[in-house]
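None of the figures in this text is laboratory data; all of them are computed from the coordinates on show. Bear in mind the structure is a predicted one, so any value in this text is a computation, not a measurement. Cβ sites come from the backbone with ideal geometry, for glycine too, and all protein chains shown count toward neighbours.
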Amino acid sequence: MRIIASTAELRAAIRDAHAGSVGFVPTMGYLHSGHTTLFDHARNENDLVVASIFVNPTQFGPNEDFAVYPRDPDGDAEKCRAHGVDLLFMPSVAEVYPSGHATTVTVDHLTTELCGRFRPGHFAGVATVVAKLFGMVGPQRAYFGEKDFQQLAVIRRMAFDLNIAVEVIGLPTIREEDGLARSSRNVYLSADERQVALSLASALRATRAAYRAGERSASALCDLLAATLTRHPEVALQYAELADPDSLRLLRGTTLEAGQGARAIIALQLGRTRLIDNAAIDHDDPSFQTTQAGA
C-alpha cells in the first residue's frame, strides 16, 4: 500500500496502475469496522482500491468538534493495509483547499430538514469535499455507509446532478452486538452515556415492530420513535422523523401506503456527543440482522 499526500502523485499512481475499475472509500479516519467493511466491498468489486483520510474543516460548524475530532493516522494506515487498500490518500487542508479556493457545491431540498436544520453549512461542506475527491480520484464506484443516511442521499444527488460518472454505493450500518451503530464519535461516550445511547437502536426496533403490527400513521410512528428516546433525561432530542428514502421528504402527517418506502431517522445530543441513526421500517434492515438487538 502506498500512502500519498498530493493530488498529482495520486493521479499518477492511479494512471500507472492501468486498473480496469477503481473503487474509492472516502473517510475522516479513526477507522472502525464500519469503514473496513467498505474497504472489503471495494476490494471484492474493483481492480484498484483507493481510500482517503481527510478531516474536512468545511463540514464542521464553529462550535463543533473539528479541533478534537479523534485521529489515529498510524492505526488507520494499518487497517487500510489489512483490508486491501492499494492507495491511501492523506492530503493536507492546503492540498484540498488551496489558496484562493472559491467554489462551493450546494444541494437544495435534501439538506433543509433533519441534520440540515441543526448543522447549517454542513452538507455544503460534505458535497464540496466529496465532489473534489471524486475529481481527484476519478473512481468508477464509491462506497459509503448508511448510518448517515442523509449524507448518502446528498452525495447521490450531487453526483447525479453534476454528471459525475461514479456509482455511489450505500452499505448497511455496522453495529455493535448490543445494537449501537459504530461511529468514530462513540469514543466520546462515558460508560453511562454508552448505555443510554442504546436507546437509539431501541427506538428504531420499537418503531419497526409497530409498523409490522399494522400501524400506518406516520405521525404515530414518529411519536413512538421520539418517546422511546426521551425516556432518558440525559437525551436532548433533535429530531425523530420518518422520511422518504429517496427524496427525504418528511412523512409526518401522512398515512403510509402499501409498498411505500419509509426510513426512521433520528439525531440527539448526549453529553458532548451528537449521535445519529436510522433504519428502514417497511422491510428487513440488514444492519440489525447480525446483532443481538433483534429485528
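Note on SER247 and ALA165: their simple-model spin labels are 3.2 nm apart, each label 7 Å out from Cα toward Cβ. With Cα atoms defining each centre, the stretch 49-70 and the stretch 198-252 are spaced 29 Å apart in the structure.
Restricting the trypsin sites (Lys or Arg not before Pro) of the stretch 19-117 to loop positions (DSSP other than H, G, I, E, B) with no more than 15 neighbouring Cβ atoms within 10 Å leaves ARG71. Here the Kirkwood formula puts the hydrodynamic radius of the stretch 2-171 at 16.3 Å, using every distinct Cα pair. The ranking of ILE4, ILE155, ILE53 from fewest to most other beta carbons within 10 Å of each one's beta carbon is ILE4, ILE53, ILE155. Beta bridges from DSSP with both residues in the chain: antiparallel share about 50 percent, rounded to the nearest 5.
Fully extending the segment from ASP108 to SER21, taken as 0.36 nm per residue of separation minus the present Cα-Cα distance, adds 28.2 nm. Considering only GluC sites (Glu not before Pro) in DSSP loops that have at most 12 other Cβ atoms within 10 Å, the longest stretch of the chain without any of them is 1-176.
Taking the fewest neighbouring Cβ atoms within 10 Å as the starting point, the ordered list for ASP282, ASP72, ASP108, ASP148 is ASP108, ASP72, ASP282, ASP148. Sequence-distant contacts, meaning Cα pairs under 8 Å at least 6 residues apart, place the relative contact order of the chain at 17 percent. Taking a Cβ cut-off of under 14 Å around PHE149, the surrounding Lys, Arg, Asp and Glu residues balance to a net charge of -3, with basic ones at +1 and acidic ones at -1. To the nearest ten degrees, helix 149-161 and the longest principal axis of the Cα atoms of the chain are 50 degrees apart.
Ordered by the count of other Cβ atoms within 10 Å of each Cβ, fewest first, THR36, THR106 give THR106, THR36. Under the combined filter of DSSP loop state and at most 14 neighbouring Cβ atoms within 10 Å, the stretch 92-197 retains none of its chymotrypsin sites (Phe, Trp or Tyr not before Pro). For volume of the Cα convex hull per residue in Å³, the value computed from the atomic coordinates appears in the list (1) 120; (2) 133; (3) 155 under label (2). Its residue count N sets the reference 2.2 N^0.38 Å, and the alpha-carbon radius of gyration of the stretch 197-279 equals 1.04 times that reference. Loop-resident trypsin sites (Lys or Arg not before Pro) (DSSP state other than H, G, I, E or B) in the stretch 207-268 with no more than 12 further Cβ atoms inside 10 Å of their Cβ: ARG231.
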